[in-house]
Structure formats: structure tokens, C-alpha cells
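Engineer: Here it is, the structure in full.
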Amino acid sequence: MAWRRSGHEGGHGAAPAGARLARQTTASLAGLLAERDMTRKDLAEQLGVSPGRVSQILSGDENLTLRSLAAVAESLDATIEITFRDASGAQKHHHDDAPGRLETAPAPPLARSRQR
């Protein structure tokens, strides 16, 4: 499976999309910590890692795996939901109004079945 989208140039690649997703994820995680009155040190203790590692996670510069994110969510008794949606017709959603939630809004179906 090729990960490169043909015919799309000028900032619509994986790097800007990944940076955007990282910012959304770390902002959501920081919001969750604030809601729970937790510090980075508290999260580090929950995860069994150093506070420096938590700082790396929250910086948004770290390329985290889904397993790393799942470990963070599990340690906070939180859930993560990932939803793919059609970008051409999707509205842009900002999750600033829901800090602490690592999820996206449900998406409409990508394809409709043919009617006969």
C-alpha cells in the first residue's frame, strides 16, 4: 500500500498533517491533566517513566506510537478514539472546547451503497 497521495502538492502531505495531529493530541492530553489536577510528574509516576519523558510526550515533537498513546490513556483511565473521514466534505472541528478528550467526532460514511 502506498502512503503517498498522488497529485497533491504544497503542504498537504504527511508532515503537516502529522504535526497538526500531534498538536491536537498533546493539547487534549494537557487538558485532561489539567481537568484532573495532575502534574507532569504525576503522569510520569503513573506511567513509570521519567518526568523528562512526559515532557517529550507533551512537547508534540515526539513521534509517538499508538501503543505509547494507549499506555498514556490507560494510565489515566481514559479512552482514545481515532476516526478517519473524507476530507473533501468534512467540516473542520476544533477540540479546544473539549479539553482532556482524546477523540474525534464521528464521521459520515465514506461511501454509499448503490441503489438498484
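The values are calculated or read from the model by the stated rules, or taken from the named source; none is laboratory data. Predicted, not measured: the structure shown is a model, and the values here were computed from it. Cβ sites come from the backbone with ideal geometry, for glycine too, and all protein chains shown count toward neighbours. Just the protein is used for accessible areas: all its heavy atoms, side chains included, with ligands, DNA and RNA removed. Shrake-Rupley method; radii C 1.70, N 1.55, O 1.52, S 1.80 Å.
Engineer: Given the options GLY52, GLY60, name the one that is open to solvent by less than 50 Å² (accessible area, probe 1.4 Å) and modelled with pLDDT under 85.
Structural biologist: Selected residue: GLY60, the only one of GLY52, GLY60 that is open to solvent by less than 50 Å² (accessible area, probe 1.4 Å) and modelled with pLDDT under 85.
Engineer: Out of all the residues in region 7-28, is one or more aliphatic (A, V, I, L, M), at pLDDT 90 or above and loosely packed, with under 13 Cβ neighbours inside 10 Å?
Structural biologist: Scanning region 7-28, I find no residue that is aliphatic (A, V, I, L, M), at pLDDT 90 or above and loosely packed, with under 13 Cβ neighbours inside 10 Å, so the answer is no.
Engineer: Between residues in region 12-33 that are over 15 Å from GLU62 (Cβ atoms) and hydroxyl-bearing (Ser, Thr, Tyr) and residues that are at pLDDT 90 or above and buried (at least 17 other Cβ atoms within 10 Å of the Cβ), which pairs lie under 6 Å by C-beta distance while being six or more apart or on different chains?
Structural biologist: Partner pairs satisfying both residue conditions: none exist.
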